[in-house]
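Just below is one structure, and these are the notes that go with it.
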Amino acid sequence: MINCFSEGDAQALAPRYTWLCCIQVALLCLVIGVAAIVVDAVSTELDLHSVAGLLWLLAPILLLLLVFAAVSARAKRYSLSEHHMSFYSGVLFQQVAVQPFTRLQHIEITRGPLERALGLATLKLFSAGGAQHTLAIPGLPMADAEQLRGAILGSKGLTDEQ
Amino acid sequence: MSSEWQRLSPVAVIYFAVRGLMHLLNTYAVVIAAVIAASQFGFSAQQIAVYVVLAVVLLLLGSLLYYLNFAYIQEPGRFLIRHGIFSKNRTELPFGKIQNVSVKQPFYYRPFNLVVLSMDSAGSSSREVALAALSREKAELIQGTIAQFNERQEEGAAQAQTACEGGVADAPEPSLLLTRSTFDVVLHGLAHNRAWFLLAVATPLLAQMDRPLQQMVEALGLDASDFLAHASMLVLAGLALLCVLGFVFLMSLLSVAGAVLALADLKLYYDRGTYKRTSGLLNRYETQVKKSRVQTLRYQQSWLDLVAKRLNMVLEPFAVATVAENQNMMQKILLPSISHSQFCDLARHLYADFDFNSVNFSGVSRLYLLRAMVFLVLPATLAAAVLAAHSDSWRFLTPVVVAITLAGAMILRWRRLGVGTGGRYVVVRRGFIGREYFCFAAHKAQQVKIRQSLFLQRRGLATLEIVLASRTLTVPLIDQAHALRIAEQCLRASELSKRSWM
């Protein structure tokens with residue numbers, strides 16, 4: 001683990017988030033699998049052998065992706081301090097991103113359909129660094145996300161700036 | 001300041017027409033497609049003329065429609081602008097959000113003494129708004145109103161800031177900081193070739209030149225094919241070299257012409273907390289950037305600059321992502337072809353306690369080279385070997401040349417990579433043959449990232465990434481403790497400084 005910014009007290013994401021990631025991967029594989037079968041059926045005669053062959057090929061890949069998704073989800077953690085929010089991610093390539101509150105432009109809570117179904121939300125912290133550097137903390141129970149947002153908005157870091 | 005929608009002067013139609021044409025020409029794809037289409041279909045001169053006239057008429061019509069639909073109201077503290085032919089857009093531009101106000105005078109407005117006032121805003125939904133064909137007095141009045149409004153808003157913060165900066169006291173008169181001679185601008189044009197895109201347009205035309213060239217050569221009584229068949233390798237190589245040199249010379253001339261058009265008679269002023277640069281031969285451009293809004297200072301030196309012992313300095317405010325590329329260029333202030341000592345002086349003018357020469361740099365780990373070898377040089381060499389396998393003479397030469405070139409390039413890059421700190425400032429270094437430095441005050445950091453693979457962890461190395469409002473700076477493979485120190489310096493400065501990053 002990267003031992004900086006005291007990762008010791010970092011919070012893991014909700015266990016349901018792991019399920020969310022796995023479901024997303026499974027859905028993606030399903031879509032690709034169906035597309036492959038359709039292409040196969042259209043190009044040659046629909047042959048049960050080729051469909052079975054395709055499934056045999058996809059199954060271990062799907063398994064690998066699911067394992068990887070689960071492990072990455074478990075590796076994500078966040079840590080809220082008085083002045084900044086840190087987000088840890090990555091399994092083989094670990095990364096920590098730290099967003100100081102004094103540089104926050106605005107905060108958003110977003111919920112996709114899957115997230116809504118599982119009662120989760122993503123907290124997004126926007127700075128002036130551009131869209132690709134938005135600090136996004138996924139897999140938060142809705143209540144936690146709102147509590148975090150309130151805590152950040154009321155934090156010393158922001159009120160001092162004003 | 002009426003509270004009714006005001007239209008611009010009818011002369012603004014010319015500005016909209018020219019702007020429309022520029023947008024069209026900037027989509028190189030369109031120009032290339034048009035040129036290719038024209039050469040493929042073998043239009044006669046008459047047909048081309050008809051199409052050109054048609055295009056011009058359409059352009060003027062579109063500009064007229066746009067002009068009729070354009071109106072603005074200046075209210076205390078903000079602009080309301082109504083524009084758009086099909087989509088009726090209403091843009092609200094509060095003065096506080098206006099990051100940059102520039103006054104341009106295109107050459108076709110000079111006889112009328114009219115100008116174009118351009119304003120762009122910071123923020124996530126930024127647009128550039130241009131009020132065309134205003135009289136110079138009106139434009140300066142609006143500029144003054146905006147400046148006054150913003151000054152009043154930032155009075156308290158600005159006082160605290162100048163006290164902290166402890167640097168240049170704001171003089172009542174605008175002070176001239178820098179001028180560039182025509183020689184400097186020509187050097188810049190030579191060192192930074194802006195004409196390469198013409199290559200894409202020229203290629204189909206060059207393909208057409210084949211037959212007329214042949215005819216010319218025959219007319220001169222030379223038998224070209226015979227000559228080429230019997231000429232020695234040396235002569236052919238010499239001819240090829242001559243052609244390439246001629247082409248490069250032509251490109252350079254064009255680039256110099258472009259540089260002179262844009263940067264002639266360049267002057268940099270400092271006036272009440274704002275840097276202003278005026279330049280331009282036919283069109284007179286003026287760009288302003290508030291001192292407090294500068295995020296990074298860029299020191300840019302290409303290999304040709306290195307030979308001439310010059311560099312370019314760029315004052316970078318926020319990156320405005322949605323604005324088109326060349327409009328973005330006008331927001332940064334580029335100071336071409338200056339000397340190292342001029343850079344240090346200007347840097348000290350911006351950052352009173354920054355001494356560029358005393359920054360201690362540390363380089364990047366040798367692992368960078370190992371990584372480059374494994375992931376770039378080796379695969380590329382193998383690919384080259386495979387491709388050259390059938391050719392007898394090149395079989396060994398090609399992969400060797402590829403390997404040496406890539407490895408050499410990576411070594412040059414590795415030598416330049418580095419990061420250093422000097423007081424409250426951080427400088428990231430990179431480059432190839434020339435050098436590039438990015439200097440910024442630690443408290444301007446928006447976000448800090450550290451990346452470390454398991455492999456690097458064991459070696460105590462990490463990649464540092466600092467996100468600023470103008471750009472993101474990455475320093476790969478530096479000592480982990482050093483990365484942490486710099487990251488913490490930036491975070492502490494951002495969090496604890498009461499200073500606004502703007």
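The values are calculated or read from the model by the stated rules, or taken from the named source; none is laboratory data. Only a predicted model underlies this, so the values are computations on that prediction, with no experimental measurement involved. Because the Cβ atoms are built from the backbone with ideal geometry, glycine has one as well, and the counts that use them run over all protein chains shown. These accessible areas exclude ligands, DNA and RNA; they are computed on the full protein's heavy atoms, side chains included. Shrake-Rupley method; radii C 1.70, N 1.55, O 1.52, S 1.80 Å.
Per-structure values
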| read-out | value |
| --- | --- |
| Rounded tilt (10° steps) of A:15-43 against the dominant C-alpha axis of chain A | 30 degrees |
| Equivalent ellipsoid, region B:273-320 (semi-axes from 5 times Cα gyration tensor eigenvalues, Å) | 23, 17, 9 |
| Square roots of five times the Cα gyration tensor eigenvalues for region B:372-502, Å | 40, 16, 11 |
| Estimated distance in nm for a label pair at residue B:474 and residue B:237, the labels positioned 7 Å out from Cα along Cα-to-Cβ | 4.0 nm |
| Centroid-to-centroid separation of region B:66-121 and region B:274-305 [C-alpha atoms, Å] | 22 Å |
| Ellipticity estimate at 222 nm from DSSP helix runs (n ≥ 4, -39,500 (n - 2.57)) divided over chain A, nearest 500 | -16500 deg cm²/dmol |
| Selection of trypsin sites (Lys or Arg not before Pro), region A:88-123, meeting DSSP coil and at most 16 other Cβ within 10 Å | A:111 |
| Sites matching chymotrypsin sites (Phe, Trp or Tyr not before Pro) across region B:398-482 that sit in DSSP coil, with at most 15 neighbouring C-beta atoms within 10 Å | B:432 |
| Translational D in µm²/s for region A:21-84 (Stokes-Einstein at 25 °C, 0.890 mPa s, Kirkwood Rh from C-alpha pairs) | 176 µm²/s |
| Carbon plus sulfur fraction of accessible area for region A:85-156, probe 1.4 Å, in percent | 57 percent |
| Convex hull (Cα only) mean projected area of region A:1-139, reported in nm² to one decimal | 10.8 nm² |
| Chain A: angle of helix A:142-153 to the longest principal axis, Cα-based, in degrees nearest 10 | 30 degrees |
| HN-Hα J in Hz across region B:184-193 - Karplus 6.51, -1.76, 1.60, θ = phi - 60°, x for Gly and Pro | 4, 5, 5, 4, 4, x, 5, 7, 10, 6 |
| Peptide B:440-447, shielding by other chains (average Cβ, 10 Å cutoff) | 5 |
| Per-residue ³J(HN,Hα) for region B:354-369, Karplus 6.51 cos²θ - 1.76 cosθ + 1.60, θ = phi - 60°, Hz, x for Gly and Pro | 10, 10, 4, 5, 9, 6, 8, 9, 10, x, 10, 4, 5, 4, 4, 5 |
| Average beta-carbon neighbours from other chains, 10 Å sphere, peptide A:96-108 | 6 |
